[in-house]
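The values are calculated or read from the model by the stated rules, or taken from the named source; none is laboratory data. Note that the coordinates shown come from a computational prediction; the quantities given were computed from them, not determined experimentally. Note that each Cβ is placed from the backbone with ideal geometry, even for glycine, and that neighbours are counted across all protein chains shown.
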Amino acid sequence: MTPLLLLALAASSAGGGMVVVLPPTGPEGDAESAWVGEAVADALPRELATLGVPALDRADRLRAYEALAIPAVLLTRATSIRMAEALGASRLVTGGIETKGPTVTLSLRLLDVGRGALSAPLIASGPLETLPALVRVLAWDIALSGSTPPTTTRDAFFGHDPRPTPPLEAQRAYGQALLSRDAASRLKLLRNALARWPSHDEARVALGRLQLESRESTAALDTLSRVRSGSPLWRSARFLVGRAQLDLGRYRDAAALYVDLSAERPTPGVLNNYALALLRAGASPGVDRASEVLRKAVELGPGIPEPPFNLGWALLTEGEADGAVFWMRGVLREDPRDVHARIVLAWSLRQASRTEEAEAEWKELLSAAPSYEPLASPDLSRRFERIMASENPPTLDQDRWGDPQLVASHLGRAERLSDAGDLDGALHELTQAAYLDPYGARVHRDLGRLHRARGDGEKALSELRMSLWCHEDSAVRVELARLLREAGRGAEARAEAEKVLKADPSNAEARRIVEGR
């Protein structure tokens with residue numbers, strides 16, 4: 001296993017305790033407080049993240065609004081709580097703004113999602129042009145109010161960013177750009193902000209993101225490459241540079257960039273996009289396999305839709321058609337209307353020589369979308385892969401991925417029943433676990449062993465392969481090779497053992513299988 005994948009295994013995505021920042025509001029019709037509110041909701045999550053507080057950034061919050069069909073307007077407390085619950089957040093930041101002449105006062109409160117209780121207000125006040133400094137004061141206060149202390153000292157936090165404060169007119173143009181719902185107006189305002197303050201990295205990253213959304217990838221690459229090294233937005237800019245490189249066909253550049261980001265901190269988005277760069281650049285000796293990288297992306301970001309689809313696509317391109325079928329069926333369980341997933345499923349079934357199933361899937365597809373008839377034959381040059389726009393986007397329905405405690409309970413009962421000789425009871429428990437956690441490598445491994453104990457070799461082989469499609473494990477692959485050899489399928493057994501030796505040349509059991517001992 002490569003160092004990158006070991007890093008990914010060791011990393012974990014932000015779990016419970018995430019904070020969602022809503023724009024604080026001023027009096028209705030107050031244009032000044034409107035842009036200030038957007039600027040606060042944009043900057044505060046970044047400052048909280050610097051202090052080790054998981055916070056949903058503004059771009060991901062707006063994507064969540066869109067997915068939940070929530071208009072980007074002032075939300076009621078009930079709607080805010082429902083949104084936070086859907087995101088798995090524990091706290092919401094809400095509040096108000098008061099402007100009096102050149103002075104602004106921010107009054108923020110923390111809403112405990114579980115209890116529905118509001119904290120006492122956290123207040124910061126000063127000249128409007130010092131807005132970034134006021135946000136940092138509030139970020140520190142919010143971090144102190146959490147269950148764990150900030151990850152840095154107060155002196156280090158307030159002294160780590162030597163950038164001068166942007167002039168007020170640049171701040172205003174940027175805040176108004178965030179407020180604007182019109183792309184052309186937003187573009188004009190962002191350029192205005194940069195003209196007034198060329199070092200305005202927030203505006204530069206927002207402009208680059210807007211250019212990417214408009215498919216102006218060359219312009220986006222130029223914009224984002226100007227974000228200075230050492231900027232708090234350096235990583236965000238580099239992630240987006242990688243997206244631009246993927247759009248422009250600079251796959252090896254994108255792969256190198258995402259490897260560097262992964263070495264610093266692997267995230268689902270970085271691993272997903274790195275795998276796509278590998279797929280598009282073509283396999284090279286000594287380089288990670290795209291499917292291996294995507295398995296780690298799925299593990300780090302359960303519930304994020306892009307990595308499972310891309311994993312199925314990668315397995316198909318790597319010649320693992322049955323593995324592709326497994327993952328594409330999972331994608332379609334979550335979204336039966338995913339046309340591209342159904343196309344890839346049909347192609348994978350054909351590649352696996354499961355012709356009857358392939359025809360059934362294709363017939364179902366054409367009944368809903370007859371215009372796809374020309375794609376009946378597999379065409380792996382299609383760009384069906386899905387680039388992620390965010391490093392670690394929120395998931396909106398964790399329940400669909402099963403209750404880990406309940407899965408563990410079924411696995412434990414299955415083990416006890418199997419040890420007691422009740423193989424039928426163990427099979428029932430493992431079947432329930434597989435329903436709750438269809439991508440659980442251990443679930444499929446245990447099912448494979450149970451089917452083997454029951455004398456059903458084909459089902460055992462199928463489950464062990466599913467386990468490997470979910471998570472590469474040399475011990476399970478050796479187990480698969482042994483079972484194949486016992487079934488008289490020596491060539492297949494040697495092929496599986498050779499895969500183990502490629503990653504672990506010292507594996508004695510795999511060596512014996514290859515040598516026929």
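What is the one condition in (1) loosely packed, with under 15 Cβ neighbours inside 10 Å; (2) in contact (Cβ under 8 Å) with a residue 24 or more places away in the chain; (3) assigned to a helix (DSSP H, G or I) that P308 does not satisfy?
(1)
Being within 20 Å of D322 (Cα to Cα) and surrounded by 15 or more Cβ atoms within 10 Å (Cβ to Cβ) narrows it down to one residue among E492, E458; which is it? Steps first, answer last, please.
On the way: E458 fails: surrounded by 15 or more Cβ atoms within 10 Å (Cβ to Cβ).
The match here is E492.
How many of the residues making up segment 165-185 are modelled with pLDDT under 95 and charged (D, E, K, R)?
So the count comes out to 2.
List, please: which pairs have Cβ atoms under 7 Å, are six or more places apart or on different chains, and start with a residue in segment 106-126 that is modelled with pLDDT of 85 or more and end with one that is of a type in the set (S, T, N, Q) and surrounded by fewer than 14 Cβ atoms within 10 Å (Cβ to Cβ)?
L110/S145; S119/S145; S125/T103; G126/T103
Looking at segment 239-250, can you tell me whether even one residue there is modelled with pLDDT of 95 or more, farther than 25 Å from G301 by Cβ and either assigned to a helix (DSSP H, G or I) or of a type in the set (A, V, I, L, M) (or both)?
yes
May I ask you to say which residue of E472, E463 is under 22 Å from A324 (Cα atoms), in contact with a His (Cβ under 8 Å, 6 or more places away or on another chain) and among the charged types (D, E, K, R)? Please lay out each step first, then the result.
Details: E472 fails: in contact with a His (Cβ under 8 Å, 6 or more places away or on another chain).
After applying the criteria, what remains is E463.
Just need a number here: residues in segment 140-179 that are within 28 Å of the chain's Cα centre (by Cα) and of a type in the set (D, E, K, R).
Counting residues in segment 140-179 that are within 28 Å of the chain's Cα centre (by Cα) and of a type in the set (D, E, K, R) gives 0.
Here's a check for you: in segment 193-217, which residue that is more than 30 Å from the chain's Cα centre (by Cα) and surrounded by 18 or more Cβ atoms within 10 Å (Cβ to Cβ) is farthest from L168 (Cα to Cα)? Spell out the reasoning first.
Step one: list which residues in segment 193-217 are more than 30 Å from the chain's Cα centre (by Cα), which gives 193-198.
Retained after the next criterion (residues that are surrounded by 18 or more Cβ atoms within 10 Å (Cβ to Cβ)): 193-194, 196-197.
On the way: A193: 10, L194: 12, R196: 9, W197: 10 Å.
So the residue we want is L194.
Being at pLDDT below 95, farther than 17 Å from A503 by Cβ, part of a helix (DSSP H, G or I) and not hydrophobic (A, V, I, L, M, F, W, C) is the filter here, so list the residues in segment 265-305 that pass it.
R280, E299
Which one is nearest to L316 (Cα to Cα) among residues in segment 353-378 that are of a type in the set (D, E, K, R) and modelled with pLDDT of 90 or more?
The first filter runs over segment 353-378 and keeps only residues of a type in the set (D, E, K, R), leaving 354, 356-357, 359, 361, 363-364, 373.
After this cut, where a residue has to be modelled with pLDDT of 90 or more as well, the list is 354, 356-357, 359, 361, 363, 373.
Values: R354: 14, E356: 18, E357: 16, E359: 18, E361: 16, K363: 21, E373: 20 Å.
Taking the candidates together, the pick is R354.
Kindly indicate which of A275, A290, A255 is buried (at least 24 other Cβ atoms within 10 Å of the Cβ), within 25 Å of A358 (Cβ to Cβ), without any contact (Cβ under 8 Å) to a residue 40 or more places away in the chain and not polar (S, T, N, Q).
Values: A275 fails: within 25 Å of A358 (Cβ to Cβ); A255 fails: within 25 Å of A358 (Cβ to Cβ).
One residue alone meets the criteria, A290.
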